[in-house]
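Structure first, then comments.
The values are calculated or read from the model by the stated rules, or taken from the named source; none is laboratory data. Being a predicted model, the structure only gives us computed values, none of them experimental. Because the Cβ atoms are built from the backbone with ideal geometry, glycine has one as well, and the counts that use them run over all protein chains shown. For the accessible areas, the whole protein counts, side chains as well, though only heavy atoms, and no ligand, DNA or RNA atoms are used. Shrake-Rupley method; radii C 1.70, N 1.55, O 1.52, S 1.80 Å.
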Amino acid sequence: MKIKNLIDYYSQELGGYSSYALTEVEEIFLSALGLEQRSALYLNDFQDIPFEVLDSAIEKRKQGYPLQYLTGRVNFFGFDFITKEGVFIPRPETELLVEYVVSNFKAVRGLKIVEVGTGSGIISICLTKLLADCKIIATDISIQAIGLASANALLNGCRDEILFIKGDKTEFLHREGYFDLLVSNPPYIALSEKHRLPKDVKKEPHQALFGGSCGYEFSLDLIRSGSKLIKPGGSIIIEIDQKHKSVYEKSFSGIARIDFIKDIHGLDRVMALKF
Ligand SMILES: C[S@@+](CC[C@H](N)C(=O)[O-])C[C@H]1O[C@@H](n2cnc3c(N)ncnc32)[C@H](O)[C@@H]1O
């Protein structure tokens, strides 16, 4: 059986709820049928169609359940990762942080790096794959995140190269010595913005989203405690909301050189502090 008509039917069903209904339905079909390429959906005949799985996924999507939790996968920086309810969904914006670190440090061998708030492990895993001989410790306060990040490292063939530790910010890290780099995509949404968030974002873990009542408190604290773990000449590189830029400038221009890196929309998205 060809499934183009079925895809059209589900796309119409989802049309009132999502502007990307066709793409989302295709993603759901690919995941339910265990396929990789969109073209495979249209070129093949299918005997067993998992209608129950498809119906339930489309229904959940209509109710605002995130697509990546339904499909269980995402591509980030050219690598495949598993996604799971209870752990933050990787965003394309974060590729800028990885790109910045790789382009600035690819010539350096053996960097000692710590990532705080690893989530599904995307940043540490990409850096392990793209930097020469780096040693990474990746931490998260969520045990679910640590479990998923380990599974993703295994999937990408670098499980033995990253040490995953459950922990609160930089707590326990002082016993690991000094680092060349601290990287993080910390929670940075203001609690006051909670009511404005889209339905699907609200399904992600609270602690992965909110950085405090103004949003920047988590990052201020992370940079203050993290700076004590950085070698002279080392850097802290974190994703930011550009609304918080002046707070960071005021707080840290006396102790580090600060650079801001813009994303494709012209927004300051990454902050690099060199000590
Ligand atoms: C915005 S998510 C980023 C996840 C991942 N690095 C990424 O870019 O997709 C922030 C992460 O910080 C973690 N987190 C929140 N509070 C933390 C804390 N006090 N210590 C360590 N990690 C924390 C959350 O569990 C979440 O995984």
Might you let me know whether segment 214-235 holds any residue that is free of Cβ contacts under 8 Å to residues at least 24 places away in the same chain, over 19 Å from Ile113 (Cα atoms) and more than 15 Å from the ligand (Cβ to nearest atom)?
no
Could you list, in sequence order, the residues of segment 94-145 that are near the ligand (Cβ under 9 Å from one of its atoms) and over 18 Å from Glu161 (Cα atoms)?
Thr94, Leu97, Ile141, Ser142, Gln144
Which of the numbered conditions does Ser31 fail, given that it passes all the others? Conditions: (1) touching a residue at least 40 places away in the same chain (Cβ under 8 Å); (2) of a type outside the set (Asp, Glu); (3) outside any helix (DSSP H, G or I).
(3)
Residues being closer than 13 Å to Glu176 by Cβ, out of contact with any Gly (no Cβ under 9 Å at 6 or more places or on another chain) and assigned to a loop (DSSP other than H, G, I, E, B): count how many of those fall in segment 215-231.
1
Scanning segment 179-208 residue by residue, the ones that are assigned to a helix (DSSP H, G or I) and more than 7 Å from the ligand (Cβ to nearest atom) total 10
Would you confirm whether or not segment 126-136 contains a residue that is closer than 30 Å to Phe179 by Cβ, surrounded by fewer than 16 Cβ atoms within 10 Å (Cβ to Cβ) and among the polar types (S, T, N, Q)?
no
In this structure, is Leu6 open to solvent by less than 60 Å² (accessible area, probe 1.4 Å), assigned to a helix (DSSP H, G or I), in contact (Cβ under 8 Å) with a residue 12 or more places away in the chain and farther than 24 Å from Phe81 by Cβ?
yes
Using beta carbons and a limit of 7 Å, which pairs, at least six apart or on different chains, have the first residue in segment 90-116 and more than 15 Å from Ile136 (Cβ to Cβ) and the second one of a type in the set (Gly, Ala, Ser) and buried (at least 22 other Cβ atoms within 10 Å of the Cβ)?
Pro90/Ser120
Of the numbered conditions (1) more than 16 Å from the ligand (Cβ to nearest atom); (2) in contact (Cβ under 8 Å) with a residue 24 or more places away in the chain; (3) at negative phi, Asp55 fails exactly one; give the number of that condition.
(2)
Please verify whether segment 75-92 includes one or more residues that are closer than 21 Å to Ile230 by Cα, modelled with pLDDT of 95 or more, buried (at least 18 other Cβ atoms within 10 Å of the Cβ) and among the hydrophobic types (A, V, I, L, M, F, W, C).
no
